[in-house]
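The values are calculated or read from the model by the stated rules, or taken from the named source; none is laboratory data. Predicted model only: the values in this text are computed from it and were never measured. Backbone-built Cβ (ideal geometry, glycine too); neighbour counts: all protein chains shown.
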Amino acid sequence: MPPRVSRKITCLQFVCALMIVGLHTAFATYFPGSPEWAVSVNKVCRSVFDAAISTFFTLSALLTYWKAETQRYPALLKRRLRTLALPYLLWSVLHLLVNVARRSMANGVLVRLDAMEVSRLLTVDAVNGIFWFLRVLMVFVLLYPAILWCVRRKWPAIVLFVAALVAATLGWVPYSCTVYWIPHYLMGAWVGVHARETLQGARRPRWTRLAAAALLVGLAACRPLEGALHYLYWLPAPALMWLLTDGFASDKPLPWWVGASFYLYCSHLLVERYAVRLYLAVMGRGTVAFLLGNALLPLLCAAIALLAGAAVRKLLPGVYAAFTGGRAPTGLLKGERSVA
C-alpha cells in the first residue's frame, strides 16, 4: 500500500474513533430543559457521528483485501489472533473488572460472578455493548475465503450485497450481526481487490471536500432515526468520509496518538463518565454548553483516554502493545500505518 494512502487511512480511522466517542458522550439527557432546536442540532451531530460505523467496516475490509493476491488464510488468522482476538479478550476482562468494582462500591458489597457468567460475558455476550463491532469483525475474518471468492468473481458479491441490503433494510436481521454490515464490508473488499487505483489518484480540488461535508450533513439531517432510510444513509458514508479527509493525506510523520484509534475505541467508555462530570462542572448545563458539547465533550473524553494511554505506553509498553494488538506501539513514522 502506498504510504500516502496508508497515512490517510490511519487518519480517517482516528477521525472515526473520535466520532464514536461523540456518539457515546454528546447526549441531550445531560442537558435537561434544552430548547427543541438545540436538541435537533444534537440529533444531526449524532447522525453525522454515525457515519463512522460503516466507514470503519469499509476501511477494515479495504486493508484486509489490499494484498489478497499474496495473503494466505492461515497467516491472516494468526495475525488476527494477535491484533483482534487477544485485544478483545483483554479489554473484555478489563471492562468486566471495572464493572464489578463499580457495582461493588455502589452496593457496598463485593459483587461475585460465577465461572459460567464470566465465560458468557467474555464470549457470547459482550461485557461492553460496543464490542459487538469487534466480534463482527472476527466473523468477517473467518469468512475471508468465501468473501474473497465472491469479490473476485464479482457477480456473487453483487448478489450477496443486494441480498444483505434487502435483509437489513426490511429489518430481518439485527443491527449487531454480520449480515447487517455485509454491504459495507463488501464495498471495502471490492475496492481492495478491483479498484485500488482509485485511491491513489491525484488530489481533488478543495470544493469536493466542501461538497462531501454538505452532503454528509444533509443526509444526517434528513434521515429518520430508524427504518430503511436510516440504514441506507450508511452506504455512501464511507465514500463521503474519504473525500472529506482528503487533506489528511500529507507526507509528514504522524504522532503516535493518530494511530491509537483501536485503543480509543476500546477505552473511551472507561473514562466517559468522568469526562462528562468534568465538562458539566466547568461549562454548566446551559444551551451554549449543550451546543458546544457536541464537539467539546468527545474531544475531552478522547483527551483523557489518550493521556492515560500515553502513560501506559510510556511505563508499560508491552501492556499497551498487547491491548492494542501491536498497533503503532512506537509511533507512526513515514510509511507506517496502524493495523486495521
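Within the option set 260, 275, 311, 321, being within 21 Å of the chain's Cα centre (by Cα) and within 28 Å of residue 103 (Cα to Cα) holds for one residue only, 275. Residue pairs whose Cβ atoms lie under 7 Å apart, separated by 6 or more positions or on different chains, with the first residue in region 10-28 and without any contact (Cβ under 8 Å) to a residue 40 or more places away in the chain and part of a helix (DSSP H, G or I) and the second crowded, with 22+ Cβ neighbours inside 10 Å and hydrophobic (A, V, I, L, M, F, W, C), are 23/49. May I ask you to list the residues in region 227-251 that are more than 14 Å from residue 9 (Cα to Cα) and modelled with pLDDT under 85? Answer for region 227-251, where residues must be more than 14 Å from residue 9 (Cα to Cα) and modelled with pLDDT under 85: 227, 228, 229, 230, 231, 232, 233, 234.
Residue 101 fails exactly one of the following numbered conditions: (1) within 29 Å of residue 146 (Cβ to Cβ); (2) of a type in the set (Gly, Ala, Ser); (3) at pLDDT below 90. What is the number of that condition? If we test residue 101 against (1) within 29 Å of residue 146 (Cβ to Cβ); (2) of a type in the set (Gly, Ala, Ser); (3) at pLDDT below 90, just (1) comes out false. Applying the set (1) more than 25 Å from residue 48 (Cβ to Cβ); (2) modelled with pLDDT under 90; (3) charged (D, E, K, R) to residue 154 leaves exactly one unmet item: (2). Close Cβ contacts (under 6 Å, 6 or more residues apart or on different chains) running from residues in region 53-79 that are touching a residue at least 40 places away in the same chain (Cβ under 8 Å) to residues that are assigned to a loop (DSSP other than H, G, I, E, B) comprise 54/234; 60/340; 63/340; 66/1. Screening residue 6 on (1) part of a helix (DSSP H, G or I); (2) under 30 Å from residue 283 (Cβ atoms) shows it passes everything except condition (2). Condition check for residue 167 on (1) in contact (Cβ under 8 Å) with a residue 40 or more places away in the chain; (2) in a helix (DSSP H, G or I): one failure, at (1). Under the condition of being over 20 Å from residue 59 (Cα atoms) and either polar (S, T, N, Q) or modelled with pLDDT under 90 (or both), the residues counted in region 303-332 number 3. Within region 215-235, residues that are under 13 Å from residue 51 (Cβ atoms) and part of a helix (DSSP H, G or I) have Cβ atoms under 8 Å from residues that are modelled with pLDDT under 70 and not charged (D, E, K, R) in these pairs: 230/224, counting only partners at least 6 apart in sequence or on another chain.
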